[in-house]
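Report on one structure; see the data block that follows.
What follows is calculated from the coordinates using simple rules that are stated; it is not laboratory data. Predicted model only: the values in this text are computed from it and were never measured. Using ideal geometry, Cβ is built from the backbone for each residue, glycine included, and neighbour counts are taken over all protein chains shown.
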Amino acid sequence: MKAILLALPRAQAAVQLKKVLVSASLPVTGMYGAGAEVLTAASALPDGVVVCGRLPDLSPAQLAQMLPSGFDLVELLSSGQIPVLGYSNVISLHLPLNRLEFVSTVQTLASASGVCFGSHGEQGRSSREKELVFRAKALLMRELSLSEPEAYRLLQKRSMASGLRMADTARHVLRYGAKSLRKEVLR
């Protein structure tokens, strides 16, 4: 299992999230209040999952870009914040957190081998993969009347649930249509 690092500016929030993860049998390796501390800890680990809120020194996009290969980032967004796009190692969750969704997301990433998650490649996805995701989002928006963030989140959830890369999930949507993901919308 990959190491789990909490990167939150408020220690109280980090302690609460740690309790949630530990109660789900997911041990937390460390808690940090700044991006620089996370990067230092991550450099000593082979792989891991970073749960990240808004940090004082680094944005989630900067942190995702600077993390070593083998690390995934769970970005916690307050309402109105725009999720980090274009990185295969970033999953965005909106506050207030759904406890089951949060635990499931961290558990999936922490137990995944580096094959599906965490490979930065060339700044995340290739231009071909970005085009696939863009076209799949457009199809979902049109056929299911979703906003762009909702369509992206649906692709993201389906990708995590199936263990496939986002580009492969987008390819599935384009091949079989948006209705193949319909059951995910109803949850």
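Values as computed for the structure displayed
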| item | result |
| --- | --- |
| Among the listed pairs Lys137/Lys179; Lys2/Lys137; Lys18/Lys157; Lys137/Lys157, those beyond 21 Å (Cα-Cα) | Lys2/Lys137; Lys18/Lys157 |
| Of Leu154, Leu144, Leu77, the one that fluctuates the most in a GNM where the chain has Cα springs shorter than 10 Å | Leu144 |
| Three-way shape call for the stretch 3-111 based on the alpha-carbon gyration tensor, with the a/c threshold at 1.5 | rounded |
| Under Karplus coefficients 6.51, -1.76 and 1.60, residue-wise ³J(HN,Hα) of the stretch 32-45 in Hz, glycine/proline x | 9, x, 9, x, 4, 5, 4, 4, 5, 5, 5, 5, 8, 10 |
| Highest-MSF residue in the chain out of Ala64, Ala11, Ala42 [GNM, Cα springs under 10 Å] | Ala11 |
| Fewest-first sequence of Ile4, Ile82 by Cβ atoms within 10 Å of each Cβ | Ile82, Ile4 |
| Fewest-first sequence of Met31, Met1, Met166 by Cβ atoms within 10 Å of each Cβ | Met1, Met31, Met166 |
| Value of relative contact order over the chain, rounded to a whole percent, pairs C-alpha under 8 Å and six or more apart | 17 percent |
| Label-zone membership for the stretch 1-28, site Leu95, 7 angstrom Cα→C-beta point, backbone N under 15 Å | 7-18 |
| Antiparallel content of DSSP bridges confined to the chain, in %, to 5 | 0 percent |
| Cut-off 14 Å between beta-carbons: net charge of the residues surrounding Ala14, Lys and Arg +1, Asp and Glu -1 | +3 |
| Approximate spin-label separation Glu131-Arg175, in nm, with each point projected 7 Å along Cα-to-Cβ | 1.8 nm |
| Among [x] 9.9; [y] 12.9; [z] 11.3, the entry that matches mean projected area of the Cα convex hull in nm² as calculated here | [x] |
| Within-10-Å neighbourhood charge of Gly53 [Cβ basis; K, R +1; D, E -1] | +1 |
| Cα shape, the stretch 1-58, gyration tensor, a/c 1.5 rule | oblate |
| Charge dipole (the stretch 127-185, unit charges on Cβ, about Cα centre) - positive-most of Thr169, Leu155, Ser145 | Thr169 |
| Residue with peak Gaussian network fluctuation, the chain [Cα springs, cutoff 10 Å], from Gly86, Gly48, Gly35 | Gly86 |
| Relative contact order %, the stretch 3-111, counting alpha carbon pairs below 8 Å whose residues are six or more apart | 25 percent |
| Order of Thr169, Thr108, Thr40, Thr29 under a 10 Å beta carbon neighbour criterion, fewest first | Thr40, Thr29, Thr108, Thr169 |
| Positive minus negative residues near Phe71 (Lys, Arg vs Asp, Glu; Cβ under 15 Å) | -3 |
